[in-house]
Amino acid sequence: LSVSELVDASFRRIEGTDDRIGAFLTLNEEAARAEARKLDESGSAERGLLHGLPVGVKDNMVTEGLRTTCASKFLANYNPIYDGTAVAKLREAESVIIGKLNMDEFAMGGSNENSAFKVTRNPWDLTRVPGGSSGGSAAAVAAGQVYYALGSDTGGSIRQPAAYCGVVGLKPTYGLVSRFGLVAFASSLDQIGPITKNVEDAAFALQAIAGHDSRDSTSANVDIPDYASALTGDVKGLRIGVPKEYLGAGIDPEVKSRVMEALKQFEALGAVWEEVSLPHTDYAIATYYLLASSEASSNLARFDGVRYGVRASDPDNLIDLYRRSRSEGFGAEVKRRIMLGTYALSSGYYDAYYKKAQQVRTLIKQDFDQAFEKYDILVGPTAPTTAFPIGEQVGDPLTMYLNDICTIPVSLAGVPAISVPCGFADGMPVGLQIIGKPFDEATVLRAAHAYE
Ligand code: GLN
């Protein structure tokens with residue numbers, strides 16, 4: 001099979017399905033076909049790790065010469081002049097970029113309904129959301145439009161859509177994958193990771209994108225193991241903690257049953273599990289929305305109508321230019337977060353909100369540190385329910401925020417986690433979340449692979 005054939009199959013699949021699914025914002029057809037021909041003709045014996053594989057990229061990672069919108073009107077015509085590090089590494093590994101994938105505007109949301117441009121539908125049931133914010137990435141992989149995709153995860157945005165769409169989504173340890181060229185939402189939480197059909201593919205994709213980058217000051221300088229060789233199938237004696245807070249009130253009983261069945265399967269494979277408590281879980285949502293909104297309000301200050309994107313016409317003065325460009329360019333959820341964040345950071349409230357939230361974040365991180373003294377991994381659901389109907393939660397941001405109760409604490413702690421498919425509830429896919437120690441992606445992948 002040639003690369004051109006693979007890439008052609010990808011575009012044909014998109015042509016046949018994307019009018020219903022709506023995963024793509026921009027296609028890279030001409031350049032992708034040219035790249036495929038180049039790879040086919042080069043005939044070099046040394047092949048890249050991801051040679052010829054069609055990949056879709058979430059539209060908050062900058063791609064040279066390829067429109068990058070963050071699903072925001074603000075960036076509707078933004079054409080970056082460089083590649084972000086993760087994207088550049090995929091190109092080095094000889095993957096072919098098929099196009100840019102829909103998301104919630106600036107990655108704020110959990111259903112893709114905050115995209116300024118289009119609705120993305122869940123391939124398993126077109127009346128339901130694909131999850132978010134990397135909903136386009138998960139839907140494209142689930143629908144077979146691309147071989148794999150990149151997503152970004154700030155509070156669950158890789159794992160939750162992967163769970164809703166029945167695919168694998170890996171959020172690496174904070175700092176493992178460079179954020180250079182990822183449009184910042186909440187810089188202390190954002191991480192790029194792969195969305196794939198199976199765990200082995202996730203290991204290969206992570207191998208390609210992980211590693212130190214001097215252009216990201218929070219990039220970790222750690223040795224990168226060979227992830228694929230960690231997939232031994234052996235989990236004998238593996239110690240699993242099951243956070244009881246993730247299986248309490250608010251969890252769909254069917255989702256809980258699938259998780260209990262998964263634990264039985266781990267037992268059959270020789271692992272041992274018991275309940276553990278992460279006592280500060282109740283505070284995670286409030287902490288996250290304070291910190292993430294605060295960081296977002298600061299990061300999004302750069303969208304001022306001067307430097308990028310939307311510029312209001314005929315401004316009276318500079319303040320008018322800022323005000324109208326931002327009023328016209330940002331959607332409702334983005335404005336909500338900017339207001340919340342600006343308020344929390346304002347002098348007089350800083351200690352009561354932002355500082356307090358940072359202190360609680362430390363307590364949440366300590367919950368994980370303590371649990372990992374006793375257990376190798378933690379296992380629970382990725383999300384409390386399966387994918388919900390499009391439109392059901394749009395008017396209710398607080399309910400929407402609660403969907404992230406199992407993923408947000410993990411993000412605040414900065415530890416790695418994967419979502420793997422774990423059966424169905426009422427016909428919709430359920431995701432199992434496997435959480436690991438910092439930089440121990442190898443164990444997370446090994447456990448997920450043995451279970452899968
Ligand atoms: N749903 C969460 C939010 O709206 C997480 C988003 C994300 O991880 N980017 O903030």
**OP:** Examine the range 171-190 for a residue that is closer than 24 Å to S10 by Cα, open to solvent by less than 10 Å² (accessible area, probe 1.4 Å) and more than 12 Å from the ligand (Cβ to nearest atom), and state whether such a residue exists.
**Re:** no
**OP:** Mind listing whichever residues of the range 152-168 are more than 9 Å from the ligand (Cβ to nearest atom), in contact (Cβ under 8 Å) with a residue 60 or more places away in the chain and not in a loop (DSSP other than H, G, I, E, B)?
**Re:** A162, A163, Y164, C165, V168
**OP:** Look through the range 218-251, keep the residues that are under 30 Å from T399 (Cβ atoms) and assigned to a helix (DSSP H, G or I), and return whichever of them is most open to solvent (accessible area, probe 1.4 Å).
**Re:** K244
Original post:
Quick check: is even one residue across the range 244-254 aliphatic (A, V, I, L, M) and within 16 Å of the ligand (Cβ to nearest atom)?
Top reply: no
**OP:** Could you grab me the full set of residues in the range 111-137 that are in contact with a helix residue (DSSP H, G or I) (Cβ under 7 Å, 6 or more places away or on another chain), within 16 Å of the ligand (Cβ to nearest atom) and open to solvent by 10 Å² or more (accessible area, probe 1.4 Å)?
**Re:** N114, S115, A116
Original post:
Does G99 meet the test of being outside any loop (DSSP other than H, G, I, E, B) and under 18 Å from A149 (Cα atoms)?
Top reply: yes
Original post:
Name the residues in the range 42-64 that are open to solvent by 80 Å² or more (accessible area, probe 1.4 Å) and modelled with pLDDT under 95, would you?
Top reply: A45, E46, R47
**OP:** Out of the residues in the range 299-312 that are out of contact with any helix residue (DSSP H, G or I) (no Cβ under 7 Å at 6 or more places or on another chain) and either open to solvent by 80 Å² or more (accessible area, probe 1.4 Å) or within 16 Å of the ligand (Cβ to nearest atom) (or both), state the one that is nearest to L345 (Cα to Cα).
**Re:** N299
**OP:** Inspect the range 44-54 for any residue being touching a strand residue (DSSP E or B) at 6+ places or on another chain (Cβ under 6 Å) and within 25 Å of G211 (Cα to Cα) and give the result as yes or no.
**Re:** yes
Original post:
If a residue has to be open to solvent by less than 10 Å² (accessible area, probe 1.4 Å), farther than 16 Å from V57 by Cβ and over 10 Å from the mean Cα position of the chain (by Cα) to count, how many in the range 144-166 make the cut?
Top reply: 3
Original post:
Residues in the range 252-261: is at least one of a type in the set (S, T, Y) and in a loop (DSSP other than H, G, I, E, B)?
Top reply: no
**OP:** State yes or no: is A140 more than 13 Å from the ligand (Cβ to nearest atom), part of a strand (DSSP E or B), open to solvent by less than 10 Å² (accessible area, probe 1.4 Å) and in contact with a Gly (Cβ under 6 Å, 6 or more places away or on another chain)?
**Re:** no
Original post:
If a residue has to be farther than 12 Å from G136 by Cβ and open to solvent by 10 Å² or more (accessible area, probe 1.4 Å) to count, how many in the range 12-33 make the cut?
Top reply: 13
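The values are calculated or read from the model by the stated rules, or taken from the named source; none is laboratory data. Quick caveat: nothing in here was measured; it's all calculated off a predicted structure. Cβ: placed from backbone, ideal geometry, glycine included. Neighbour counts: every protein chain shown. These area figures cover heavy atoms from the full protein model, side chains too; ligands, DNA and RNA do not enter into them. Shrake-Rupley method; radii C 1.70, N 1.55, O 1.52, S 1.80 Å.
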